[in-house]
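Student: Below you will find the structure I want to go over with you.
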Amino acid sequence: KLTLPSVGSRFLSATMLLLLFSVAAVAKENEWFDAWHNGDKWEVAVDAMLNPDQSRLLVGKPGTGVLINGKTGRANSLVTKQTYQDVQVHVDFMVAKGSNSGVIFHGNYEIQILDSAHIKAPTGAHCGGVYPRAEGEPGTASYRHIDAGSPPRVNAAKPPGQWQTLDIIFQSPRFDEDGYMTTNARFVKVVHNGVLVQENHEMPHALGPNWDRKQFPNGRVVLQGDYGPIAFRNIRV
C-alpha cells in the first residue's frame, strides 16, 4: 500500500475511496458504476481469464467483483464523475495477448498498460511507462512518438492472463491567479507489481498525440477501455 507523501494541503484533505468492485460486494451491479461515466458496455464477472480459444481475448466467470470491457475487448473508457486535483489510484488489471490500456489523469497524462512481459528494453509506451508525446493519427502509419516519455525503471510486467497491480500518486499542475502554470504536473510515484517504476517524473506538457492541449488544475481519472481487452478489479481512487 502506498502512503501519500507529507506535502500538507497540496493533497486532498479527504480522499474519496471507491471500493467499487470488491469480490465481497453485494450491491446491485448498476450501483457499482455510480461513480463512473460510460460503464454500460462493461461486463461484470467474478474473475477473468484468457479465452482458451483465442488468447487475444478475455472471458469472465459468472459472479461479481471484476469488470471486463466486453466480449470483443472494446468499450468506452471509464471516466470518474468526480474531478480531482492530487490523487492516488490503485487498480488490479489483466490484459490479453497484445492488449493495450492505461490509467489517464485529466485526459492529459497516462501511465501505460500493455502486454509487455516479453520486452527486454521497455520504453515509455510499455507497461508502467509514462506515455510519450506523439504526432499523427493513432492506428495509422502517420503516428509516431516525438519524445521518449519515461520508460519504467524495471520491466515488472507479467504475462497476459495474470493479475497485475498499479499504484499511482499523481500531482496536478498548479496555476496562479491569472491562469499561468507555475508548477508542472508530476507522477510522484508509480509502483507496478510492487516494483517502483517511476518517481517524481515531471510533465511540462500533456502527453500523447494532443500534447499541446490545455492543462488544468483539476480533472478526471480515466480507465482506458477502447484499445483492447482489459479487466479491472479492486479499483480505488
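The values are calculated or read from the model by the stated rules, or taken from the named source; none is laboratory data. Here the structure is a predicted model, which is why all the values come from computation and not from measurement. Every residue, glycine as well, gets a Cβ built from its backbone with ideal geometry; the counts of neighbours run over all protein chains shown. Surface areas here come from the heavy atoms of the whole protein model, side chains and all, with no ligands, DNA or RNA. Shrake-Rupley method; radii C 1.70, N 1.55, O 1.52, S 1.80 Å.
Student: Quick one: dipole size for region 23-131, taken about the Cα centre, charges +1 on Lys/Arg Cβ and -1 on Asp/Glu Cβ, in debye to the nearest 20.
Tutor: 340
Student: Calculate what fraction, in whole %, of the accessible area of region 121-168 sits on carbon and sulfur atoms when a 1.4 Å probe is rolled over the protein chains.
Tutor: With neighbouring chains kept in place, the figure for region 121-168 is 52 percent.
Student: Once you put a point 7 Å from the Cα of residue 165 and another 7 Å from the Cα of residue 182, both along the Cβ direction, what distance in nm separates them?
Tutor: Between residue 165 and residue 182, the label points sit 3.7 nm apart.
Student: FRET efficiency for residue 175 and residue 81, Cβ-Cβ distance as r, R0 = 30 Å, nearest 0.05?
Tutor: 0.85
Student: Got the relative contact order for the chain handy, in percent, Cα pairs under 8 Å and 6 or more residues apart?
Tutor: Reported relative contact order: 27 percent.
Student: Further question: Between 221, 98, 143, whose Cα lies farthest towards the positive end of the dipole of the chain when Lys and Arg beta carbons carry +1 and Asp and Glu beta carbons carry -1, centred on the Cα centre?
Tutor: 98
Student: Run through the DSSP bridge list for the chain and note the antiparallel percent, rounded to the nearest 5.
Tutor: Close to 100 percent.
Student: For the pair residue 61 and residue 142, how long in nm is the line joining their label points, each one 7 Å along Cα→Cβ?
Tutor: My value for the distance between the label points is 4.6 nm.
Student: Dipole magnitude of region 133-193 about its Cα centre, charges +1 at Lys/Arg Cβ and -1 at Asp/Glu Cβ only, in debye to the nearest 20?
Tutor: My answer is approximately 440 debye.
Student: Taking only C-alpha pairs under 8 Å that are 6+ residues apart, what is the relative contact order of region 180-237 in percent?
Tutor: 20
Student: Please list the radius of gyration and Dmax for the chain, considering alpha-carbon atoms only, with Å as the unit.
Tutor: Over the chain's Cα set, Rg and Dmax evaluate to 17.2, 57 Å.
Student: Oh, and also: Projected onto the charge dipole of the chain (+1 at Lys/Arg Cβ, -1 at Asp/Glu Cβ, origin at the Cα centre), which of 188, 155, 114 gives the Cα projection farthest towards the positive end?
Tutor: It is 155, whose Cα lies furthest towards the positive end.
Student: From Cα pairs below 8 angstrom and at least 6 apart in sequence, can you work out the relative contact order of region 84-164, rounded to a whole percent?
Tutor: 30
Student: Something else about it: Highest GNM mean-square fluctuation, the chain, Cα pairs closer than 10 Å: which of 65, 98, 124?
Tutor: Looking only at 65, 98, 124, the biggest GNM fluctuation is shown by 98.
Student: From the residues 205, 85, 33, which one has its Cα farthest along the dipole of the chain in the positive direction, the dipole being from +1 and -1 charges on Cβ of Lys/Arg and Asp/Glu about the Cα centre?
Tutor: 33
Student: Kindly write out, for region 59-70 in residue order, the coupling ³J(HN,Hα) from the Karplus curve 6.51 cos²θ - 1.76 cosθ + 1.60 (θ = phi - 60°), rounded to whole Hz, with x marking Gly and Pro.
Tutor: 10, x, 9, x, x, 10, x, 10, 10, 10, 7, x
Student: For the chain, give the magnitude of the charge dipole about the Cα centre (Cβ charges: +1 Lys/Arg, -1 Asp/Glu; no others), in debye to the nearest 20.
Tutor: Dipole of the chain, to the nearest 20 debye: 440 debye.
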